[in-house]
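Colleague: Mind looking over this structure? Questions follow.
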Amino acid sequence: MALRKTLESICIPIAAILFGLLLFGLFCSFVGANPFAVYASIWKAAFGSWNTFQNTLIRAAPLMLSSLCTLLPARLGLVIIGNEGALVMGGLAAVSMGLALGTAVPSFWVQSFMALAGMGAGGIWIAIVGALRHYRAVNETISSLLLNYIAIAILNHLVGGPMRDPNSLNKPSTAPLAEINMLGDIPGTRVHWGLVYGLIACVIAYFLIQRTTFGFSTRAAGGNMRAARLAGLPVGKLTLTICFLAGSCAGLAGMVEIAAVQGAANESLNVGYGYGGILVAFAARQNPLAAILVSLLVGGILASGGILQRSHGLPDATVLVFEGIIFLVVLYSDSLYGRLPFFKEKPDRLPPAPQPAIPTSVTAQGS
Amino acid sequence: MTTTTAAPTATAVRRPPELEVKGMTKRFGSLVALDQVSLHLKPGTFHALLGENGAGKSTLVKCIMGFYSPDHGEIEIDGTPCTIASPRDAHHHGIGMVYQHFTSVPAMTVAENLVLSRFDGSQFLINWAKERERLDDFMQSSPFQVPLDVPIAQLAAGQKQKLEILKQLYLESKILILDEPTSVLTPDEADEILSLLQQQVKAGDLSVLIITHKFREVTQFAEEVTVLRKGQLVGHGLVQDLSVADMAEMMMGERRELKVVDKVTQEDVTPVLEVHDLSANKDNGLVAVNNVSLTVNSGEIVGIAGVSGNGQKELVEVLAGQRPSTSGQIKINGERYLATRKEMFKHRVFSLPEEPLKNACIPQMSVAENMALRTFDQPPQAKGIWLILNAIRQAAKGLVQQFSVKTPSIETPVHNLSGGNVQRTVLARELSSEKINLLIAANPCFGLDFAAVEFIHAQIVEARNRGVAVLLVSEDLDELLELSDRIIVISSGQFLYESPIASADFSAISHAMAGH
């Protein structure tokens, strides 16, 4: 029955991404590059070989985690874009925890506590947004956006001042984590364990939303707050919990970036995985499993930044232009659902027209 | 500018045209919504279009207004066939429609809305002095008046409805189509508006085609009636020749008397709901409910009557957990009640709010999920934190059958269902529980057809007879007088009248409703 609906939710995002590619091609030719050569380079850099695909995977990992920061609250009807801030706060908390514990305890515990610290800090950061929303009716989109700036300012202050490692000369950073406390790579690859964190988080998020009573309450409150209150659902508790979970995912992304990639907190922490996560969440239509696939795609785009610079003389920021174009097109494509006649479920609206005296009409129940 | 200046002279001359619909057929996919329906609206008559929900009334009217293009059939105006391709065409022929929902801009004043209704983009500036003069003249000559300088948001429902009609008159519509105009009005307001329109009709200035399923309105105001059932024309005639039973039979296809619901007298009554000095605010922070106290006993229906907007909505919202109270307390079974899910479950509190799609359903979620809203976190529908989807589906299948909800499947999003079936979905959820202690119902029959109303009334009385305490808030006084054991009148957030139904005095009730 829902075949056309499913087809619709697959075809529209793909078509949107293709259309975004087309627009990006126009942009490339406008700045003097051959769009087809650019497409080929992107493909090669993102998915061309196992070797380059690993670069994509490395970038997809934090995207998966940070996308959940938008995706989970969206199921409750909240539009939260504080991913970057929560990621930064998570990273800061993780690096503080890692440095504080040092090598006094086994590295497994250091990593665990770093992860918990990251999740806690990110979670609280977005829970603030939820609390402002629930108790004071502050618009969650605006407050989460503004909290991004605050988080980045805190980061810059700390790495440039109190937490600065005197040895970091041209790029202020905190002291590096001990080598032994770094997250390793998945055996046989260059991809760190953060990818597994991301995959697990997305799968958990899927089951949490679709299969648990908590998820049901969330979807109910997100779909109609008044009906949820009528059923006595604790809207405030739901808001705070979902915001905390959302923020903790982004915070974990920050921890992964620190513990697996950067090794220390510095301005590289806010390179756009937060904003990329928003794109992923929307393109995935707030479905955690789809977010995995979209993260791979966006990760691929990010991974191709270097080659565009080297082979086509395009500035590094070109990939951000590409990302932005795709984001706009995907948002636009959201307005097409239910508009295209091809995807209309034909007999769905009304029960079969009353036909006189067909004895077996009862068997048509359910499907 | 041209249209406005030419208008007044035309008004004086123009008589309502004769409208004839011949053999109209409209299909939606495989569904035949209208099958060879004809309708004859003679000039200067009050004509009722009667039928249940889904009988094709709205489809017919939308074909006349040019929203739909019919597959077959034609429309003749004053004997000449004409095509109406859009509401604009319909206006051109002097046909105007008043919709069920209000179409005025809330933040603008009555005068601005009237001018806006006529705005066609040809003027760059509005000459307010001139418009104002014209509006004053118009108000003088119109059957009822609405203050011109008041913003729409401050008008009561009755006045808004009047304004919708005035708009059509201001546009010089000579045939007025009213789509269930009284579903948002109190009986007094409805009677007032309809009788004023009736005078206009009798004076020969207007023809009215009213869509309704209230027999009272048909017998009291209409001269002619056309009855539709399942898209077909099943009856037509002068109202004076027909009895209510005749019309009901045409409408439903079987002879059925208006059923009087039997009540069982209750033994050992205990108070279930006790409200002490409760106050609550409106959305804008003004006081809506002011220090009210009431008790509802088991096996008793307490009806709350009042003109819409006198605090009954807010009172119900507080009791249902949708709005915080500002003072006072609520007790259920003697225990403090804060409308949390745990308390609702413990005390078995259920609600039938008005506008179920807005208040009690999650539109995008499926019928099955909506039916599970009260029970999804209880076994067998949940095990620990996990939902047992199969149990939810099985329960929904049973409820769909038991409450005869017409839905393509239990996975269909509930907003794809018709109004009556959305209401049934909610009824199934709220009334199927084995043990109900308290039922809070607010305008549960708002906008529903005859059969659905009867069904809901029967369900409510049946619940009462089982010993459920029922608080019934309604703007339909007939409904309250029929169902309640005790009636309370609310006005400006306070209870002004209370009486057992047997000794209730109709004039005292309407007096209290008016705030005296």
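The values are calculated or read from the model by the stated rules, or taken from the named source; none is laboratory data. This one's a predicted model, so the numbers in the text were calculated from it and none came from an experiment. For neighbour counting, all protein chains shown are included, and Cβ atoms are generated from backbone atoms with ideal geometry for every residue, glycine included.
Colleague: Could you list all residues from segment B:353-369 that are farther than 11 Å from A:A227 by Cα and either facing another protein chain (nearest Cβ under 7 Å) or outside any loop (DSSP other than H, G, I, E, B) (or both)?
Modeller: Across segment B:353-369, the qualifying residues are B:Q364, B:M365, B:S366, B:V367, B:A368, B:E369.
Colleague: Next question, about the same structure. Tell me, yes or no, whether segment B:294-310 has at least one residue that is farther than 30 Å from B:F221 by Cβ, in contact (Cβ under 8 Å) with a residue 40 or more places away in the chain and touching a Gly at 6+ places or on another chain (Cβ under 8 Å).
Modeller: yes
Colleague: Turning to a different aspect of this structure: Quickly run through segment B:318-336 and pick out the residues that are in contact (Cβ under 8 Å) with a residue 24 or more places away in the chain and more than 28 Å from the chain's Cα centre (by Cα).
Modeller: B:T326, B:S327, B:G328, B:Q329, B:I330, B:K331, B:I332, B:N333, B:G334
Colleague: Follow-up question, since we're still on this one. Considering only residues that are out of contact with any Pro (no Cβ under 9 Å at 6 or more places or on another chain), small (G, A, S) and crowded, with 20+ Cβ neighbours inside 10 Å, which ones fall in segment A:186-220?
Modeller: A:G215, A:A220
Colleague: Please tell me if A:S311 is over 25 Å from A:L71 (Cα atoms), among the hydroxyl-bearing types (S, T, Y) and either touching a residue at least 24 places away in the same chain (Cβ under 8 Å) or touching a Ser or Thr at 6+ places or on another chain (Cβ under 6 Å) (or both). Quick ask: steps written out before the conclusion?
Modeller: Details: over 25 Å from A:L71 (Cα atoms): yes; among the hydroxyl-bearing types (S, T, Y): yes; either touching a residue at least 24 places away in the same chain (Cβ under 8 Å) or touching a Ser or Thr at 6+ places or on another chain (Cβ under 6 Å) (or both): yes.
Criteria met by A:S311.
Colleague: Restricting attention to segment B:432-455, and to residues there that are under 18 Å from B:E300 (Cβ atoms) and surrounded by 22 or more Cβ atoms within 10 Å (Cβ to Cβ), which single residue is farthest from the chain's Cα centre (by Cα)? Walk me through it before giving the result.
Modeller: Within segment B:432-455, the first condition is being under 18 Å from B:E300 (Cβ atoms), and the residues that meet it are B:435-442, B:444.
Now narrow it down to the ones that are surrounded by 22 or more Cβ atoms within 10 Å (Cβ to Cβ): B:438-442, B:444.
Numbers: B:L438: 24, B:L439: 21, B:I440: 18, B:A441: 15, B:A442: 12, B:P444: 10 Å.
In this case the residue turns out to be B:L438.
Colleague: Out of all the residues in segment B:130-150, is one or more without any contact (Cβ under 8 Å) to a residue 40 or more places away in the chain and within 24 Å of the chain's Cα centre (by Cα)?
Modeller: Yes.
Colleague: Identify all residues within segment B:318-330 that are more than 7 Å from chain A (Cβ to nearest Cβ) and crowded, with 16+ Cβ neighbours inside 10 Å; write none if there are none.
Modeller: B:V318, B:L319, B:R323, B:S325, B:G328, B:I330
Colleague: Continuing with this model, one more query. Against the conditions (1) part of a helix (DSSP H, G or I); (2) touching a Phe, Trp or Tyr at 6+ places or on another chain (Cβ under 9 Å); (3) away from chain A (no Cβ under 13 Å), where does B:I436 fall short? Just the number, please.
Modeller: It is condition (1) that B:I436 fails.
Colleague: Just to check your reading of the model, which residue among B:D277, B:D283 is surrounded by fewer than 18 Cβ atoms within 10 Å (Cβ to Cβ), among the acidic types (D, E) and out of contact with any strand residue (DSSP E or B) (no Cβ under 7 Å at 6 or more places or on another chain)?
Modeller: Every option except B:D283 fails the conditions.
Colleague: What residue, among those in segment B:392-423 that are of a type in the set (V, I, T) and free of Cβ contacts under 8 Å to residues at least 60 places away in the same chain, is surrounded by the most Cβ atoms within 10 Å (Cβ to Cβ)?
Modeller: From segment B:392-423, those of a type in the set (V, I, T) are B:392, B:400, B:405, B:407, B:410, B:412, B:414, B:422; that's our starting set.
Cutting the leftovers down to free of Cβ contacts under 8 Å to residues at least 60 places away in the same chain gives us B:392, B:400, B:405, B:407, B:410, B:412, B:414.
Details: B:I392: 22, B:V400: 23, B:V405: 23, B:T407: 24, B:I410: 24, B:T412: 21, B:V414: 26.
This residue is B:V414.
Colleague: Tell me, which strands (runs of 3 or more DSSP E) lie completely within segment B:45-94 with 1 or more residues that are crowded, with 20+ Cβ neighbours inside 10 Å and modelled with pLDDT of 85 or more?
Modeller: B:46-50, B:72-77
Colleague: Does at least one position in segment B:424-432 carry a residue that is within 14 Å of chain A (Cβ to nearest Cβ), over 26 Å from B:S293 (Cβ atoms), touching a helix residue (DSSP H, G or I) at 6+ places or on another chain (Cβ under 9 Å) and among the polar types (S, T, N, Q)?
Modeller: Yes, that holds for at least one residue.
Colleague: Moving on. Tally up the residues in segment A:102-127 that are without any contact (Cβ under 8 Å) to a residue 24 or more places away in the chain and part of a helix (DSSP H, G or I), please.
Modeller: Of the residues in that region, 5 qualify.
Colleague: Another question, if that's okay. Say whether the condition of being more than 20 Å from the chain's Cα centre (by Cα) and under 24 Å from A:I186 (Cβ atoms) is met by at least one residue in segment A:58-72.
Modeller: Here is the first cut: in segment A:58-72, the residues more than 20 Å from the chain's Cα centre (by Cα) are none.
Within segment A:58-72 (the criterion being more than 20 Å from the chain's Cα centre (by Cα) and under 24 Å from A:I186 (Cβ atoms)), the answer is no, since none of the residues qualifies.
Colleague: Checking B:L315 against (1) within 30 Å of A:T213 (Cβ to Cβ); (2) aliphatic (A, V, I, L, M); (3) away from chain A (no Cβ under 14 Å), only one condition comes out false. Which one?
Modeller: So B:L315 meets the others, but not (1).
Colleague: Something else: Restricting segment A:209-236 to residues that are closer than 25 Å to A:P62 by Cβ and more than 9 Å from chain B (Cβ to nearest Cβ), which is nearest to the chain's Cα centre (by Cα)?
Modeller: Once the filter is applied, the top-ranked residue is A:I209.
Colleague: Which numbered condition trips up B:G56, out of (1) in contact with a helix residue (DSSP H, G or I) (Cβ under 6 Å, 6 or more places away or on another chain); (2) within 14 Å of another protein chain (Cβ to nearest Cβ); (3) closer than 24 Å to B:A248 by Cα; (4) not hydroxyl-bearing (S, T, Y)?
Modeller: Condition not satisfied by B:G56: (1).
Colleague: Sticking with this one: Which members of segment B:370-383 meet the condition of being farther than 14 Å from A:R219 by Cβ, more than 7 Å from chain A (Cβ to nearest Cβ) and part of a loop (DSSP other than H, G, I, E, B)? Explain how you work it out, then say what you get.
Modeller: If we filter segment B:370-383 for residues that are farther than 14 Å from A:R219 by Cβ, which is where we start, we get B:371, B:374-375, B:378-383.
With the extra rule that they be more than 7 Å from chain A (Cβ to nearest Cβ), the set shrinks to B:371, B:375, B:378-381, B:383.
Of everything in segment B:370-383, those that are farther than 14 Å from A:R219 by Cβ, more than 7 Å from chain A (Cβ to nearest Cβ) and part of a loop (DSSP other than H, G, I, E, B) turn out to be B:T375, B:Q378, B:P379, B:P380, B:Q381.
Colleague: Can you confirm whether B:A305 is buried (at least 21 other Cβ atoms within 10 Å of the Cβ) and either at the interface with chain A (Cβ under 10 Å from one of its Cβ atoms) or closer than 26 Å to B:R464 by Cα (or both)?
Modeller: yes
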